[in-house]
Structures are given as C-alpha cells and as structure tokens.
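All remarks here apply to the structure that follows.
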Amino acid sequence: MRTIFLLDIDCFFASVEMALHPELRGKPLCIGGRRGERGIVACPNYEARAYGVKTAMPLRMAEKLLPPDAVFMHGSHKLYGEYSERVMNLLYDFTPDIEQVSIDEAYMDVTGCLHFWSGDPLRMATAMKDRIWNECGLCVSIGIASNKVCAKVAAGLRKPKGIVHVPHGWEKDFLAPLPIEMIPGIGVKTTPKLHAQGIFTVADILNPKTVIRSPQSWLAQYLTALANGRDEQIMQYDRIEKSISRDTTFWHDTNNAEFITSTLYYLTERCCKTLREHSEVAATVTTKVRFADFTTLQKQMTLHLPTANEEVIFGAARKMLCVLHPPCRMIRLVGVKVSHLSDAQEAQLQLDITKEEKRSGLHRRLDALQQKFGYTSIQWGIAHTLHERFESSKEGYRLHSPVYEM
C-alpha cells in the first residue's frame, strides 16, 4: 500500500511577503494591487479571509470589506517562483518521488522512505513542515493517505499549518460525510448538477437509488471509485503543465487599439519565454477580453505546428482579438493562454522545421540578452511602445495588474 503526501503552502503569495516583511504578520493582507487600483485579489492571507475576502475578488470589493489597517500590495511572480523552487528542492531531501502540480502544491510518494522515520508518516510530515518554516519562513499543510485524492482533501481540512492522516483502510469512511464539492475535479458547474440528482455528500453516491447522469462518461466511474475509497491515479514525474496564461487588468477601461495590441504582444512574449524555459511548445492559443461591463469573451485557435515562437502565437492571438473586440467597446482586461503543450525536442523529431529552429535560436539569444542586461535592453518594436505607459524593471514592465500564471 502506498503512502502519499500532498503538501500545500498556505496562502503562498501572501506568506512569501510576510516571510520577507514580518511586520505584515497579523494584519489583513491582499496581494494583487494597491488601494484604489483595479484588478483582482491574487491571494489574501487568513486575516483578510476572516473578513470575507476571497481569491479573484475585485480589489475594490475587498477594500470595502477590510479595515483601514489592511495592506494591499503588488506581487512578484519571479520572487514567488524562487520561493517555490526552494521549497520543492527541500522536499527532495525527504523523497525523490515528487510531482509538483502547481507553484505551491506537490504530491510525494514517500512509501520507500518511511523506514527512515520508523515507518511513522506523521513524524516525517512534522519534520518536513518544521524544516520549511525554519528555512523558508513559510507555513504548509500536509495531507497523508494511500491515494492522491484522499491526500489532497486531507490537506485542505485543517489549514493553516495542519497535518491530517487518513490511515490505510479508512479512505471510504473518511470521504463518506464530505460535501461532494470538496472532491477534486468537482467544480462550480458540476456541483449543482449533482445536487439536482440528490448527491450532496460522497456517501450519497453509493445510495442504491442514485444513478449519476452526466455527458462525461468518466465522472460516474471516478465518483463511484472514490466513494469506495479507491483512487488509481499514478504519480506523474517531470509533469508538463497543461497550459500557461497571462492576463492583466488596465488601470482605466480603454478602446485604444494600439495600446491593447501592444499589451497583448507583451503578454504573449511572457508566455513564450516560459515555454522556452521549460523546453515546451504549444499547439493551441486562446485570447481573452473582459469588457467594462465585466462581460468576458474568449476565442481559441489551433496552430498548424506546435511552437514557442511569439511571432506565430501573437499572430493567432491578434486575429482572435480583432474578432472579439469591436473598436468602439471599452476593454477592462486582456489575456492570452497557450495550451496543448508538449516537449519541444519531441516535437522537433516529428517535423522538418529548419526555419523554426532558426527562429527558436534567435529567441533564445534574445532571452539571454534580456536576462543579462534587462528586458528593455532589446525588444521588438510593438512592445517598446509600452514604455510610455508602464514603469519597467530588469524582468519586464510593471503592469497595473501582476502577470500571474493562471
């Protein structure tokens, strides 16, 4: 029987800022923007959550809920990435079998390493939690179970700083009383459909009168297996991300086509740089716009060949922007996403892409120059126009809304 850990860094973005600025501890804190700015809350700490603030809530709504001493600040994805890497590298001192699923979450199969801890997973988890606090200043919660779903659910039950262990053989009893929406994969669209079928808890799935009706054939099998305490998901090492996206909220609503297009190009550059850093290519591009009335539209296009080239990806993104955005309509937010990712070397083996290789080499050299001398030291003309509107740093422009991976 396996022993799986799910480690979740509590309020990650906010926790990093509190680790760097201890004076913020105990105060409501929102990462995502300053008071009076537009945008959304990327991460509230627990003090802010106590007032009802949630992730993705508009900043101005959060301001109304929080007291005057609450702190609002921009975030740094580069900084958070560095802290994430520190934590993940530390985990390798406990087990080599790690599947990082997001910037602040990782599964670990510790089955082969428990003997170093006298077979006691709680002792191992406590040592892991204490070391992350002592070396990184971050609080974590850990779920322990024989499968990934139970470990994931357990990690969320006693946050922050909690450790929850589901002993082998108790998986079914552990899940049975939980609300169905706590199960990974059951989101805001699926939950009401299951409620309409009389399924409110995991135990309801095993009611003899229950027949799960869904156009998704896998759902009934997945839920029935979980209701019996089973989850056959394997660990995915060297996992390739499903997608990379960047978006930003403008300081003021705008219909300035040049400004919107330049911003879209800059966001596309950021996506493509991440693709190249991960040695990945994308086959699908999605453009998203949110209008002043909060109506959100998006359009998707599949590329002829997978690529990490911003000229190709931006060409597709701009075509979709022209379809989505009537010239007279004011835009609040613009974004781009690349998906259907694959390994760049494997893609090259399947294609005759001499021209693409030359382009890739050029972009990698530009990446290296920008890394050494700063983003604005060398850039394409279409993005250069943004220097009149945004401050810049070595990493790039400081947009109003931080450019987070979604």
**Asked** Just wondering, is there one or more residues in the range 297-316 that are surrounded by fewer than 21 Cβ atoms within 10 Å (Cβ to Cβ) and of a type in the set (Ser, Thr, Tyr)?
**Response** yes
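Yes or no: PHE12 buried (at least 20 other Cβ atoms within 10 Å of the Cβ), over 20 Å from the mean Cα position of the chain (by Cα) and modelled with pLDDT of 95 or more?
no
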**Complete:** The residue from ALA292, ALA317 that alone is over 25 Å from MET57 (Cβ atoms) and free of Cβ contacts under 8 Å to residues at least 60 places away in the same chain is ALA317
**Request:** Mind listing whichever residues of the range 70-126 are more than 19 Å from CYS43 (Cα to Cα), surrounded by 21 or more Cβ atoms within 10 Å (Cβ to Cβ) and hydroxyl-bearing (Ser, Thr, Tyr)?
**Result:** TYR107
**Asked** Which one is surrounded by the most Cβ atoms within 10 Å (Cβ to Cβ) among residues in the range 220-258 that are part of a helix (DSSP H, G or I) and free of Cβ contacts under 8 Å to residues at least 60 places away in the same chain?
**Response** LEU223
**Request:** Take GLY198 and decide whether it is in contact with a helix residue (DSSP H, G or I) (Cβ under 7 Å, 6 or more places away or on another chain) and in a strand (DSSP E or B).
**Result:** no
**Item:** helices (runs of 4 or more DSSP H) wholly inside the range 112-179 that include at least 3 residues being in contact with a Ser or Thr (Cβ under 6 Å, 6 or more places away or on another chain)
**Value:** none
**Message:** Residues that are among the charged types (D, E, K, R), touching a Lys or Arg at 6+ places or on another chain (Cβ under 7 Å) and either crowded, with 16+ Cβ neighbours inside 10 Å or at pLDDT 95 or above (or both): does the range 26-36 have at least one?
**Reply:** no
**Asked** Only one residue in VAL188, VAL166 is surrounded by 15 or more Cβ atoms within 10 Å (Cβ to Cβ) and not aromatic (Phe, Trp, Tyr). Which one?
**Response** VAL166
**Prompt:** If you take the residues in the range 99-111 that are over 14 Å from LEU138 (Cα atoms) and modelled with pLDDT under 95, which one is farthest from the chain's Cα centre (by Cα)?
**Reply:** GLU99
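The values are calculated or read from the model by the stated rules, or taken from the named source; none is laboratory data. As the structure is a computational prediction, the values presented were derived from the model and not from experiment. Every residue, glycine among them, receives a Cβ derived from its backbone with ideal geometry; neighbour counts consider all protein chains shown.
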